[in-house]
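The values are calculated or read from the model by the stated rules, or taken from the named source; none is laboratory data. Note that the structure is a prediction, hence the values are computed from the model and not measured. Using ideal geometry, Cβ is built from the backbone for each residue, glycine included, and neighbour counts are taken over all protein chains shown.
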Amino acid sequence: MLNTKPQEIGFVKQTREFIASVDGLPSARINDLVENEQGVRGLVSALSKNSVEIWLLDEGNVQPGQSFKSTNTRLTVPLGNFLLGRAVNPLGVAIDGRPPFAKTEQTQIAELDGPAPGINARRFIDRQLETGITIVDSLIPIGKGQRELVLGDARSGKQDFLIDIIINQREKDVICIFAAIGKPLAEVRNIIDTLKFNKALEYTVIVATASSDPAPLIFITPQTAFTIAEYFQKQGKDVLIILDDLANHAKIYREIALLGSRSPGKESYPGDIFYQHSHLLERAGNFKPEAGGGSITALPAIEFNLNDFTTFIPTNVMSMTDGHLLFKSEYYRQGQRPAIDLSLSVSRVGQQTKSNLANLMATRVKQVLARSAQLESVSRFAFELPFATQLILKQKDMFTELKNQAPLTLISTQVQLILMALPFTNMMQDKDKLYIRRYKDLIVKAFTEDVELSAFATSILNLATDDELINQLNINPVMKKLDQIMAGKPITKKV
Amino acid sequence: MDTNLFELILSDSYIKNQAEKRILALKNYILGGIFIDSKEKKLKEAATDNPKLDLWINSIDKKVLSKITPQNIYSTFEVLEKEIKAIEPLILYLPYELPDEEVAQIGTKLRADYGKKFLMEITIDPSLIAGCALSFRGIYKDYSVKQKITDNKQEILAAFRQYVKH
């Protein structure tokens, strides 16, 4: 008898766009990979009594009567350090125009939809992810292993903010993964070029699907991104993963589910839309050495209409993340960068990652901002305000200028603390926001590049309280150097 | 179900497609006989363009056909169609078209082993080169030369390299 390995086969009964119903494949499981004669791959997505539902991952002309054979594999992606600096699609195929990946023995393969680690594998989030952006690092800090939602309306600068965070991770030993979910091709190209130009591509992996790709392929983009993130995390590395954007992902899943005759729920989304996002985001966290060490910090992004704040998907994802940053296009148009609404943004976990000094400084700043919000309404009715009230309003204006940060700029933690403390110093008593606007970049440059001032900036990290910091800024002789630099003296750069 | 009619349809028809065509042709023939002209029973006239089908229809015993009346024709054929549809055929992938005699030989053997209701589907796939592949109830087995070449690709290439060296 001829010895031949049996394969399982199914015949297409019905096709709807990218969904095929197949008769056969007796022992198919969910997420098994099948392939037809033309090489079109399909993913088993549902099993019913008489048929198997397959999502088509490749473009191809699939007709009723055609056959799909089981490949005896599940949907996997190749993993390795070769992914760094490359852009791939969710099946691990390079899409950046450079040579394809060579399969070697070092190439690992992992399933896309792995379970999230349990509680025992996780540890307390106690390290800050330094974004290099003052308003975030000082007032809405993000911890390594945290999930922080970035949401806002269109044209509010969310993507620029996320790209800046990636660029600011240079020399911080953080691997970045950017998942572009169903973005226009031109946008994906722009992201790759921006990162390459700013030398951020060498520690970044881009997982991208274009809006023209099959919907099932777009749907699995964040799963691939997380699988790649877990590969690096298990090597003990800190990983930052950005999902841009989950609202698009939800819409794609809705389209697939409606075509697959699933019953629609709220806003016509399928009933398991919450699970699809939650089991994805649960894969982020800070992990114990036994689970590989390292961390995965997730920044999912959602674009939505700010007039309707309480739509389904944003509220869902807000409930499964550890905070959110709200961007407003109104602030963006006024020139505020990043256009974050501080009063509506929160980080539930970030405080525990900061030093006592940083927490006290942040509290002080927030108190001023809160107090000024109360006083502003009163101030409209008074001709002459008391000095204390004027001071608070002036400090608030200074903070508004200080938290503005141009794109593609990085401000270190110590310089951020100094900037936050400046409005409370004697030096700024007779200054206003125009002074800050004029000299802020020079102040940052002075504390970063000048030999004496940068050493002073490093030393303030050892201080315990905000009062000590303000005191140091008032009395330390080194501050005279700052006055001289403001007056025009050149910076003495570090050798 | 009229067992005689069902057995008649399956009698020397081993391919599912052929069985379905026979049911359709017979149904149209009888309907034509009922509705075109009830007085002139045109049982002897050809109902299809296919000479084989005509031959088969003309060979049917009139006693069997007389049991089909205008009252039961639709229900009878509905049941027949359902029965044929429910049969899971063995799909045979062949590199060339087989003559009818060989198909009948294969069909007879299969029916002897697996029952009278056994049917096949034949798909011609020249890329198999030689041999055949089978598919039944979702299990696919490939006995073709193409699969053998694929399975032993490395050995064949090594042999060729040896040959080229010498």
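Key figures for this structure:
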{"read-out": "Which listed residue, of B:116, B:109, is over 30 Å from residue A:34 (Cβ atoms) and part of a loop (DSSP other than H, G, I, E, B)", "value": "B:116"}
{"read-out": "Subset tally (residues that are assigned to a strand (DSSP E or B) and within 15 Å of the chain's Cα centre (by Cα)) for the stretch A:200-252", "value": "12"}
{"read-out": "Some residue of the stretch A:424-437 being in contact (Cβ under 8 Å) with a residue 60 or more places away in the chain and under 21 Å from residue A:370 (Cα atoms)", "value": "yes"}
{"read-out": "Index of the failed condition, residue A:40 passing every other in (1) in the same structural domain as residue A:229 (by TED's automatic domain parsing); (2) over 26 Å from the mean Cα position of the chain (by Cα); (3) buried (at least 17 other Cβ atoms within 10 Å of the Cβ)", "value": "(1)"}
{"read-out": "Single match in A:411, A:436, A:443 (criterion: at pLDDT 85 or above and part of a loop (DSSP other than H, G, I, E, B))", "value": "A:411"}
{"read-out": "The stretch A:54-69 residues that are in contact (Cβ under 8 Å) with a residue 12 or more places away in the chain and farther than 20 Å from residue A:217 by Cα, paired with ones that are in a loop (DSSP other than H, G, I, E, B) and not small (Gly, Ala, Ser) (beta carbon under 9 Å, 6 or more apart)", "value": "A:66/A:37; A:66/A:38; A:66/A:40; A:67/A:37"}
{"read-out": "Some residue of the stretch B:113-129 being touching a helix residue (DSSP H, G or I) at 6+ places or on another chain (Cβ under 9 Å), free of Cβ contacts under 8 Å to residues at least 40 places away in the same chain, among the small types (Gly, Ala, Ser) and within 14 Å of another protein chain (Cβ to nearest Cβ)", "value": "yes"}
{"read-out": "Of all residues making up the stretch B:130-157, the number that are out of contact with any Gly (no Cβ under 7 Å at 6 or more places or on another chain), more than 9 Å from chain A (Cβ to nearest Cβ) and either assigned to a helix (DSSP H, G or I) or over 10 Å from residue B:93 (Cβ atoms) (or both)", "value": "11"}
{"read-out": "Odd one out for residue A:99 among (1) farther than 30 Å from residue A:234 by Cα; (2) assigned to a loop (DSSP other than H, G, I, E, B)", "value": "(1)"}
{"read-out": "Segments classed as strands (runs of 3 or more DSSP E), wholly inside the stretch A:1-88, with at least 2 members that are of a type in the set (Ser, Thr, Tyr) and within 11 Å of chain B (Cβ to nearest Cβ)", "value": "A:67-74"}
{"read-out": "Test result for residue B:104, in a helix (DSSP H, G or I), outside the structural domain of residue B:33 (by TED's automatic domain parsing) and exposed (fewer than 11 other Cβ atoms within 10 Å of the Cβ)", "value": "no"}
{"read-out": "Options A:413, A:400: the member that is within 16 Å of residue A:428 (Cα to Cα), in contact with a helix residue (DSSP H, G or I) (Cβ under 8 Å, 6 or more places away or on another chain) and surrounded by 14 or more Cβ atoms within 10 Å (Cβ to Cβ)", "value": "A:400"}
